[in-house]
Each structure stands twice: as C-alpha cells, then as structure tokens.
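Take a look at the structure set out below.
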Amino acid sequence: MQAMQDEAKRWLRQAEDDHATANLLLEQGRYSACAFHCHQAAEKALKALLYAAGDRPWGHVLPALLERAKSEGIAEPDAEVTQAVNELDKHYISARYPDAYEAVTPAEYYTIGMAEETVEWTEVILQFVRQHLL
C-alpha cells in the first residue's frame with residue numbers, strides 16, 4: 001500500500017507542476033494553453049486521489065474520475081468541487097483543437113477571463129485532493 005501512496009504523491013507533484021505551468025501561460029497571454037494545463041493538473045490530482053486508495057485510474061474525463069472517487073468511498077466532493085470538475089472538463093478538447101470553433105483557433109477564442117477561471121477551478125480541485133491525501 002505504501003507504493004500506492006508514493007505513486008499518489010508523485011501524481012500530485014505533477015499536478016502541482018502543471019498548475020504552475022498554467023499560471024506561467026496565463027501571465028504570457030497563452031490562454032488556451034493555460035486552460036489545457038489546468039485540465040491536466042485537475043486530471044492528475046484526481047488520479048492521485050484514486051492511486052492513494054489503491055486504484056489504478058485511467059481516462060481523461062474529470063467527472064468520471066470524481067465519480068469513481070465518490071462511488072468507491074474515497075472522497076465526498078461538495079458542490080464547488082463538482083462544479084469545478086464539470087467546468088474544467090469542457091477544456092480538454094476545446095482548448096486544443098481548431099475544429100472546436102468556427103473560423104477561429106482556440107488561441108484566438110480563449111480570453112484572459114476564461115483562463116483565470118480555469119486557474120481558479122483548478123485551485124479548488126487541488127485543495128480538495130490535498131485535504132484527502134495529506
């Protein structure tokens with residue numbers, strides 16, 4: 001079980017690094033990339049939660065990862081965490097692929113406000129995971 005705890009911590013460290021990268025991208029005006037890195041941070045944080053419980057998570061759909069943690073009795077998310085997960089999940093595809101929008105690219109579509117919101121939602125998820133891991 002200690003190996004799974006160590007793996008969980010490793011995933012959380014990478015989630016924290018992805019979140020730091022998202023903040024740098026926000027500062028540089030790279031808003032769609034910021035949003036994608038926020039999704040990545042949230043995904044890795046939720047997977048850390050599952051690893052800590054001895055699970056071997058797979059997939060990229062944030063609500064499914066959160067539901068798995070909930071259904072397995074690992075953690076009970078509140079409304080804010082659930083909303084954060086649902087909001088961030090929208091950015092997995094749309095922050096990267098031009099066919100998500102007509103006539104513009106994600107880099108042209110995303111605004112500072114959108115990016116700031118993804119950073120805030122990620123902080124909610126990271127805090128939730130930290131509370132259950134540490």
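Rule-based calculations on the coordinates, nothing more; no lab input. Worth saying up front: this structure is predicted, and the values here are computed from it rather than measured. With ideal geometry, Cβ positions are generated from the backbone for all residues, glycine too; neighbour counts draw on all protein chains shown.
With the simple spin-label model, which puts each label point 7 Å out from Cα in the Cβ direction, the residue 61 to residue 108 separation comes to 3.2 nm.
If R0 is taken as 30 Å, the Cβ-Cβ distance between residue 132 and residue 24 corresponds to a FRET efficiency of 0.65. Rounded to 0.05, the FRET efficiency of the residue 3 and residue 97 pair, given R0 = 35 Å and the Cβ-Cβ distance, is 0.45. The listed peptides 18-31, 41-54, 112-125, 72-85, ordered by packing as a protection proxy, come out as 41-54, 112-125, 18-31, 72-85 (highest mean of other Cβ atoms within 10 Å first). Here the mean projected area of the convex hull built on the C-alpha positions of the chain is 7.6 nm². On the basis of the beta-carbon distance and an R0 of 25 Å, residue 14 and residue 78 show a calculated FRET efficiency of 0.50.
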